[in-house]
Each structure stands twice: as structure tokens, then as C-alpha cells.
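Working notes for the structure below.
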Amino acid sequence: MLCQIADITNGVISLFASGRLSTQDYCNKIVPIIEEYQRASGKVCLYIEADVLLEGWESQSLSGVGELQLPRFDALVLVGGPDWFGNAVRLMGPFMQGEVAWYALEDKPQAIEWITAKLSCPLAQES
């Protein structure tokens, strides 16, 4: 399950994740929100908070059938989640097109500070 929550700060897309994330969650929730923010401000910063019940993603989302790719974003911070979540973010972060960070739930204030700072950074130039 993925749902939009109240923005943690103006200009940051704020989401909550729990259980198993589906292709439908991605296509119907994340993509339209990101595209709307991209059109409105030219900059996309995402805050995703997860609980310990996060299981991961549906296998068809990752298997090449119905493969998913995030629309362009400038910064993404993931907060909380089960133990494996932080390791996955650290492993995959270098392969993402924007800046990515992970914080434990008890470090949520630092996560909010990190993503808020990204709002004031200049837009990345397309090459």
C-alpha cells in the first residue's frame, strides 16, 4: 500500500508505504503526483516514510514484465521501514538519477532537514 500523506514541508511530495507495493500503486499514485510537481515547479523532491510491515514490491514490477522506472526526480529520502530497507537504499542509491538518502525512523527530523535543503539547491542540468 502506498498513500499520499500531508506534505512534511511545502514543495515535497510526501508518501507513506506499508505492506507490498504494487504496480498499480506506482502507476496510479506515484507517477501522476511526480508529473504534476514536475510541471508546476520543475523540481521533484520525494519523502517516503515506511513502517516495519513494508514487504517490498510485487515481483512482476521487478522481473522485466511490466518493469517500472521512476520518472525523473531531484531528491528522494526514505525514512524507516524494516532492517533490510536501509541496506537496499544504500545499495541502489548510486544507480538512481537523483540524490537518494535513507534515515531510520528515529532520525526523521534529520531526514526532513535533508530533503528541505534539496528544495533550495539549483536544478540539475540535463546533459
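The values are calculated or read from the model by the stated rules, or taken from the named source; none is laboratory data. Quick caveat: nothing in here was measured; it's all calculated off a predicted structure. Note that each Cβ is placed from the backbone with ideal geometry, even for glycine, and that neighbours are counted across all protein chains shown. These area figures cover heavy atoms from the full protein model, side chains too; ligands, DNA and RNA do not enter into them. Shrake-Rupley method; radii C 1.70, N 1.55, O 1.52, S 1.80 Å.
Consider segment 82-104 and keep the residues that are free of Cβ contacts under 8 Å to residues at least 24 places away in the same chain and either in a strand (DSSP E or B) or small (Gly, Ala, Ser) (or both). The one that is least open to solvent (accessible area, probe 1.4 Å) is 86.
Within segment 21-42, identify whether any single residue is outside any helix (DSSP H, G or I), closer than 29 Å to residue 120 by Cβ and modelled with pLDDT under 85, and answer yes or no. Walk me through how you get there before you give the answer.
Keep residues of segment 21-42 that are outside any helix (DSSP H, G or I), which gives 21-22, 42.
From what's left, closer than 29 Å to residue 120 by Cβ: 42.
Imposing the further condition that a residue be modelled with pLDDT under 85 reduces the set to 42.
Yes, segment 21-42 contains at least one residue that is outside any helix (DSSP H, G or I), closer than 29 Å to residue 120 by Cβ and modelled with pLDDT under 85.
Of all residues in segment 26-49, those that are closer than 22 Å to residue 85 by Cα and open to solvent by 20 Å² or more (accessible area, probe 1.4 Å) total 7.
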